[in-house]
């Protein structure tokens, strides 16, 4: 029975791996933000699938009913991440939270952001990247930025557009500092992987 279950998992992961590059291969005209962010929303969901949530030492994670996805700053998805609420990662539903930079100034806002498992930081907060990631540095949070230099500086994953296609970079050093365990299959799909 265990062999059959493992075989099903391997087949499911293989299909998922095939889907990620296909999503990114869809090109779009410059300025087609709606299509761009639909593609990026699919990437965000798939990134979440390639994190070893159970293997990380997150206090109370197994007892949590959901995986928290926080969006800091302007919502470039225009509510498009709300569709992820109908999806699950393992047996956990996805809950989406929205934060303004100003809401993080008080302890309650920072604490709620730290309780998220994934935080997407919008381009509107580019000048605050280091400050935002600093607030969640010790919280086992996967940070995703919407600007190509994000992973090269303080974040874990950053999006970029290259030749009309969405691509992403991963900073493995920042992932390790944050306690994030990324599946090697996702690392192979990244355009760049920053590491020591």
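Summary table
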item	result
Residues of segment 53-84 that turn out to be loosely packed, with under 13 Cβ neighbours inside 10 Å and in contact with a strand residue (DSSP E or B) (Cβ under 8 Å, 6 or more places away or on another chain), as a count	1
Yes/no for residue 165 being more than 15 Å from residue 53 (Cα to Cα), surrounded by fewer than 21 Cβ atoms within 10 Å (Cβ to Cβ) and free of Cβ contacts under 8 Å to residues at least 40 places away in the same chain	no
Among residues of segment 94-122, those that are within 17 Å of residue 43 (Cα to Cα) and without any contact (Cβ under 8 Å) to a residue 60 or more places away in the chain, counted	6
Counted residues, segment 46-81 - those being over 12 Å from the mean Cα position of the chain (by Cα), closer than 15 Å to residue 116 by Cα and in a helix (DSSP H, G or I)	3
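Read the figures in this text as sums done on the coordinates, not as results from a lab. Just so it is clear, the structure is predicted and the values come from calculations on it, not from any experiment. A quick note on method: Cβ atoms are made from the backbone with ideal geometry, for glycine too, and the neighbour counts reach across all protein chains shown.
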